[in-house]
Amino acid sequence: MIADTLGSVLLFTLLLAGVGWPLAARLACTPAERLVAGVALSWFGVFLVAWVVYVAALPHVVFWLLPLAAVAGAAVGGRAWRDVWRDPAAREMIVAQGVVTAWSIGWLALVATYSGGAWVGDWFGHMQRTDFFLTRGPRDVLFNGFDALTSRPPLANVVFGAFLALTRSDFAHYQLSSTFLGSLAFLPAALLVRRFLPGTAASNSDAARPAIRILVALFLVSPMFAQNATFAWTKLHAAFFTLASFHFLLRTSAPDFPRAGILCAVTLGAALLTHYSAGPYALVFAVVWIARGAGRWREAAWWRETLVAAAAGFAVLATWFGWALAVYGPKGTFLTNSSVTDKAATAGAQVLAALLNVRDTLVPHFLREVNWAFFLQQSPWGWWRDWFFQLYQINFVFIFGSVAWLVILVALRSAGAAAPGRIRAAWTAGLVTIAVLGVMVHGGRDGWGLAHICLQPLVLLGLVFLAARWETLAPGWRRLAIAGATADVALGILLQFGAQSFLLDQWFAPHRTPAETFASYSPHALVNWRAKLHFRRPFFGDAYAAYDVVILALLALLLVLVLWRANRRHARA
């Protein structure tokens, strides 16, 4: 299994490094930007090929054109790849991404079943969607018995299908492809670090390296990232494209990057085709584009740039929406998502539900009354895991980390004091709008919180800002952040994966039978376990079940190495 895993990861890496590289290699931008653009274009290129295979009902042998195209693309752009590797910041990003991906796959290898909070069924529904595109299932299918095909966009599931067609069509490889691609959310985050470095450091590519090392550590100790990288759904995949689009949006005013606007629109369109949670970002990014161009509204060049970028974005969206409209019509295309189907009966009731959702997303559950009978169970670590899960995964404060949210606010206050009032107001308005819209677009009422639905890119952006401003923090704040991160690892990661792997049960309740162990967890955890057994879906972690302790030791070693590198203040380039 180890050889198969390494081979699959190398194949996935080849596809994302080569398919779109001929286009990325021609871009007039920094090597680090070319790296992120190349991965984004390759990712979308794999989707286009796989989408054509599905729509045109082509044989699966066509998928083998992808690795051939990747090899050719990497060879044609070999010189550009050498330039990327020679650039200190880009090289640091590549190494760091390898660490983040290894970390994510390591935790995936410990997952025997999904559990935590009320997260039930989504993982299986997404696998059903991938199977649908591979086997060309009936178009009136309802995933998990209730979800129409058009209720979710297809980009990630179609790409998963391409990866499975080139490896093996089982759930273990589906999980591996999902975790591999989800871990890539780090790459545009690392690119954004340089945007938030203080003072003159922002203009120095080499100055970003220490901050990137800090960012790796922040990603590794984030319970939100660890859980979403290993849970087989598509939110982190959308975060990759959303953060990439944000970076290119910030670069649109630079004369040395003339294609930034087109890349912004293409990656934003890809984000929407991956998960509709990118919608609030698309709205705010559009407003920012128009506002930043206010002084050029009378220039034909600005309108030409705007129309070209908009056309590129709409062309990306048309690959899915054009087909869906032709097959399902407007109602079947736009009115099947839960944001529409779960709405209240009246507009007033919907507004009230949305406002209550905002409140419950901001206020932690231990500061208000919640229905803990929802998670009634005999397992003590299962109960405590769910208690912390409901903080780290769905509360908009603790999703940053138990202390990281406070340290980020301190860093924001310091940076904001030095910024012009107009800039400070614009950033505040944009961030608040995304945060509020990201909760309010959810159709149904949820008394626990909804930070996990649309706000993951915003959370990762907060970690980026913290990494960029780490050296400006007072030593006391840094020590407090480290203490909080230690608690996050113990309570948000070790406890979570200790339950999902059943290692805590093996260590502390070895006298119980497997049936007694499973029955001790919450009803939601049991639903996931029974679905795995009923549908005969062996997990990626099942192949590594005999190596749990070794994997934990390797993960601990990896974390120590990352922390050691992050602590090196003057490492050589």
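The values are calculated or read from the model by the stated rules, or taken from the named source; none is laboratory data. This structure is a prediction, so every number in the text was calculated from the model and none was measured. Here Cβ is always computed from backbone atoms with ideal geometry, including for glycine, and neighbour counts include all displayed protein chains.
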Reported set for region 428-466 where residues are more than 28 Å from Leu187 (Cα to Cα) and in a helix (DSSP H, G or I) is Met440
Would you pick out the residues in region 58-93 that are free of Cβ contacts under 8 Å to residues at least 60 places away in the same chain and not in a helix (DSSP H, G or I)? Leu58, Pro59, Gly77
Exception for Val550 within (1) under 25 Å from Ala232 (Cα atoms); (2) modelled with pLDDT under 95; (3) assigned to a helix (DSSP H, G or I) falls at (2)
Search result, residues across region 368-384 that are over 25 Å from Val358 (Cβ atoms) and either of a type outside the set (Gly, Ala, Ser) or in contact with a strand residue (DSSP E or B) (Cβ under 7 Å, 6 or more places away or on another chain) (or both): Leu376, Gln377, Gln378, Pro380, Trp381, Trp383, Trp384
Would you confirm, using the coordinates I've provided, whether Phe497 is assigned to a helix (DSSP H, G or I), surrounded by 13 or more Cβ atoms within 10 Å (Cβ to Cβ), free of Cβ contacts under 8 Å to residues at least 60 places away in the same chain and in contact with a helix residue (DSSP H, G or I) (Cβ under 8 Å, 6 or more places away or on another chain)? no
Contacts under 8 angstrom Cβ, first residue in region 432-458 being within 27 Å of Trp372 (Cβ to Cβ), partner part of a loop (DSSP other than H, G, I, E, B) and of a type in the set (Phe, Trp, Tyr), 6 or more apart: Ala435/Phe396; Val439/Phe396; Gly449/Phe396; Ala451/Phe396; Leu455/Phe396
May I ask you to say which residue of Ala260, Ala271 is within 13 Å of Ala37 (Cβ to Cβ) and touching a Ser or Thr at 6+ places or on another chain (Cβ under 8 Å)? Ala260
Being surrounded by 11 or more Cβ atoms within 10 Å (Cβ to Cβ) and on the phi > 0 side of the Ramachandran plot narrows it down to one of Phe540, Phe518, Phe502, so name that one. Phe502
On the basis of being modelled with pLDDT of 95 or more, under 28 Å from Gly137 (Cα atoms) and in contact with a Gly (Cβ under 9 Å, 6 or more places away or on another chain), does Phe44 make the cut? yes
Residue list for region 48-57, filter: free of Cβ contacts under 8 Å to residues at least 24 places away in the same chain and not in a helix (DSSP H, G or I): Ala56
Within the set of pairs 6 or more residues apart or between chains, which connect a residue that is among the acidic types (Asp, Glu) inside region 165-180 to a residue that is buried (at least 19 other Cβ atoms within 10 Å of the Cβ) with Cβ atoms less than 8 Å apart? Asp170/Leu164
